[in-house]
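Trainee: Got a structure for you, written out below as structure tokens; questions coming shortly.
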Amino acid sequence: MKKFYFVFVLCIGLTVRGNASEIGCPTAGVSGGVTICDSSSTSIFLFDLITGESSGGTWTRISGSGGTFDALTGIYIPAYGATTSTFVYNILGSGICPDEASLATVIINRQPDAGLDGCLAVQDTNPTIIDLYTIIGGEDPQGVWTRTTGVGGTFSAAAGTYSPAVGATTSTFTYTTVGVTPCINDTSTATIIINGTSVGQAVTLFCDAANSTANSVAFDWNNVGQNSFNFSYTINGGPAVSGNTTISNFQVLNVAPGSSVTFTVQPVGGNCFPSSTTTCNSLANTVFESDVVAFYPNPFHDILNLKFEEPLKSILITNVLGQQVFSKDYTEKELQINLAHLSVGTYFVRAQMENGFKTFKIIKN
């Protein structure tokens, strides 16, 4: 009797299971994010927002706008006006390893702007309704008005208006815009001076011979601690031109030789600064006549050299806040002044002569 033997071969199919990291594949890590304010300019290292990622991936921006994104380094620098943005970190798969991706989200909240401080001087007998929004400038809507000093008159927080009345005192009104974390609140102040005059310090305004080019007139002034100035000027008494500048100098161009330019400047600020006005003439070239003054080097370190066409009477030097830092009488036409004791910064020299004075700006480095 024959015996038959049957051999069964059991083939087992092996299936690879598990995630990429478990089988040794590179991973894009776990998604993450951060919330910032658009007033921030701090660099964000996107790799700090995701976790557990493998190296060798690439960054791509897939949503949002504004700011500066460097895909090679994975660095994003926010900027004012930027919007919430999403960046994807991609790892390409190979063989049994799949593609992987994680997201770095930068949520950007807008920093509110309450605008610039401003002021207005009125009489308590003036019954006019004052729109406080016209005193400040550049503010965002949806802010809240509060009265912070002063009494009398009628204040409407809802409308942002104030009506003076007999017996009212100088008052300040604060406009507040609310920021969403991590942005902060911002405020501006509208000052109503009752029965008074401007209380801030006027700027020292003068013709800037050193920066007047052909057919132009340049003006310069000290900034009295402010960073915004309203100005206006007329050429030969013609139509007025007005505007705002954030620097303490201005050049009027296309002025015919012999024409006069009357220039007025007023700091923008909560203390109701008075305005300053001066008139300068345009020359056909940059060489000024017998009142020429030479000062060098500028910027200077310790020693300032001065040269005039006529003998001096005195020299007065002030800082940008109008504070006197040097004063001395002289009779020479040429001199050297040792100003080693001054700090680095900008100063104004007022040179008094027999027939008037000249003012010019110097910079110490």
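Trainee: Taking the Cα centre of the chain as the origin and placing charges on Cβ (Lys, Arg +1; Asp, Glu -1), which of Ser43, Thr174, Asn365 is farthest toward the positive end of the dipole?
Mentor: Of the listed residues, the answer is Ser43.
Trainee: Over the stretch 221-277, with the other protein chains present, what is the accessible area per residue in square angstrom, probe 1.4 angstrom?
Mentor: 46 Å²
Trainee: A further question on this structure: Positive end of the dipole of the stretch 68-154, charges at C-beta (+1 Lys, Arg; -1 Asp, Glu), about the Cα centre: which of Gly137, Pro127, Ser94 has its Cα farthest in that direction?
Mentor: It is Pro127.
Trainee: Of all the accessible heavy-atom surface of the chain, with the other protein chains kept in place and a 1.4 Å probe, what percent is carbon and sulfur?
Mentor: On the way: 10790 of 19980 Å².
Within the chain, the accessible surface is 54 percent carbon and sulfur.
Trainee: Determine the per residue accessible area of the stretch 57-167 with all protein chains present and a 1.4 angstrom probe, expressed in square angstrom.
Mentor: Per residue, the stretch 57-167 has an accessible area of 52 Å².
Trainee: Right, something else. Normalised by the residues of the chain, what does the relative contact order come to in percent, with Cα pairs under 8 Å and at least six apart?
Mentor: It rounds to 10 percent for the chain.
The values are calculated or read from the model by the stated rules, or taken from the named source; none is laboratory data. Since the structure is predicted, the reported quantities are computational estimates derived from the model, not experimental observations. Here the Cβ is made from the backbone with ideal geometry for all residues, glycine too, and neighbour counts use every protein chain on show. We work out accessible area using only protein heavy atoms, side chains counted, and drop any ligands, DNA or RNA first. Shrake-Rupley method; radii C 1.70, N 1.55, O 1.52, S 1.80 Å.
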